[in-house]
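Asks: The structure is given below, and queries will be raised subsequently.
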Amino acid sequence: MRPYLTSLLALALMTIPTATAAVALPGGEELEVSLRGKSFGAAELTAELPAGQASGVMDQLDLYRDWIGANDYHASLSQDGRVLLVTSSKKIARRRMKLVEETLESFDGLLSPPDQTGSNGTFNRLGSSVGGPGSAQAPVVLVEVRKEQEYRSLLTGLGAAREDLASLVHQYSQRPGFSEEQCTAAIWQEAPADMEVGKVWRSENELVNRLVRLLVFRSYGPQPTWLSVAAAWSVELEVMRDIYCFPYRGEFVGVGEHGGWESELKREFKKRKKNPLSLDEFADWRRNTWDDHKAQLAFGMVEYLSRHEPAVLSEVAEAFRLRYQAGYRTTYPDGTWETNPAYEIPVDDQLDVLVAASDPELLLRASDFMRSWNRYRPRRKR
């Protein structure tokens, strides 16, 4: 990424104040939001949505409203209110919202949201609730940014609005985009500098992949990296027919990698018929890191489950949610407690969850699948 001129920092000083009673633009005009083909002001939109959902939408809009107004952007909601999309024009919003709706449909087919009635909800890595009644209804936010300086001004504004987001500028200002669980949002540049748009970077793929990862977190809380990232690839492949979003990867991506992992895994598993897949080959993939081989195996595992044991994925994700919730917080005999933001579910515990949801031969079947893919015929369960 090229170095930024000091003068751009002046543009980044546009701050975004915390929630206010009305969603109004700096000039006094009311922010309009598109929903199901119509435009609504704040009061009208509130009347269109269920009470709990309306509150979540307003909270998210309040965080972005000044930036939207200052940069002449457009806000729209998905039909079910789960996604708040911010784009540079209504025309782009219409095209992108079609992708959003396709992605929601594909995600629901892959990982239908669980019934968590009576549960303690999901938690982010800082330990605060992602929802409760409010966050379960708050939409995922997607912002496709037109210009580099607008991206940087948005980062700075978010950091100024909320103390827990203050690190965003330092973390992401030199990257073309980010997905952040703390604000349930993904923000990325439409055409980053020094990237071949279309050959290396495709904004549409970024939308699909980032949205799925946030939906996984919104529905199930923190998950092992292999499941969250590979689920996003599964949906990206179904919706876009190829893969262009490679989270945490910094090195060059070869042309064949956008749709060539199936062939790679076929070759590998034809050579290792007596050495079936082991969970520890990919389940210890650490958050925010890249490992090419673990990524391929994770992709193959989720593809197997999605095609041949689809019910297992949702059951496993919910079990992982509960395991994470239990392991993340340690309570001592005197009643004091502490959290461990770096907590990861041990591989042995992950294996227990997978076997309980399926059976002990699950990894053998996954190995057979990766050896043959579309020609795979399931083994009979004993």
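The values are calculated or read from the model by the stated rules, or taken from the named source; none is laboratory data. Nothing here was measured: the structure is a model prediction, and the numbers come from that model. Glycine also receives a Cβ, built like all others from the backbone with ideal geometry; neighbour counts cover every protein chain displayed.
Asks: Restricting to the stretch 326-351, give me the number of residues that are β-branched (Val, Ile, Thr), within 17 Å of Ala298 (Cβ to Cβ) and over 23 Å from the mean Cα position of the chain (by Cα).
Replies: Selection size over the stretch 326-351: 0.
Asks: For residues that are of a type in the set (Gly, Ala, Ser) and in a loop (DSSP other than H, G, I, E, B), scanning just the stretch 107-164, find the one that is modelled with the highest pLDDT.
Replies: Ala138
Asks: Of everything in the stretch 165-184, what is outside any helix (DSSP H, G or I) and either in contact (Cβ under 8 Å) with a residue 40 or more places away in the chain or within 22 Å of Ser203 (Cα to Cα) (or both)? Give them in sequence order.
Replies: Passing the criteria: Ser173, Gln174, Arg175, Pro176, Gly177, Phe178, Ser179, Glu180, Thr184.
Residue-by-condition table, conditions (1) surrounded by fewer than 21 Cβ atoms within 10 Å (Cβ to Cβ); (2) outside the structural domain of Gly327 (by TED's automatic domain parsing); (3) out of contact with any strand residue (DSSP E or B) (no Cβ under 8 Å at 6 or more places or on another chain):
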| site | (1), (2), (3) |
| --- | --- |
| Val235 | no, no, yes |
| Arg241 | yes, no, yes |
| Tyr244 | no, no, no |
| Tyr248 | yes, no, yes |
| Glu262 | yes, no, yes |
| Lys271 | yes, no, yes |
| Asp291 | yes, no, yes |
| Ala298 | no, no, yes |
| Pro310 | yes, no, yes |
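Asks: Residue under question is Asp292, and the condition is that it be within 24 Å of the chain's Cα centre (by Cα) and more than 13 Å from Leu227 (Cβ to Cβ); does it hold?
Replies: Considered against the rule, which asks whether it is within 24 Å of the chain's Cα centre (by Cα) and more than 13 Å from Leu227 (Cβ to Cβ), Asp292 comes out as yes.
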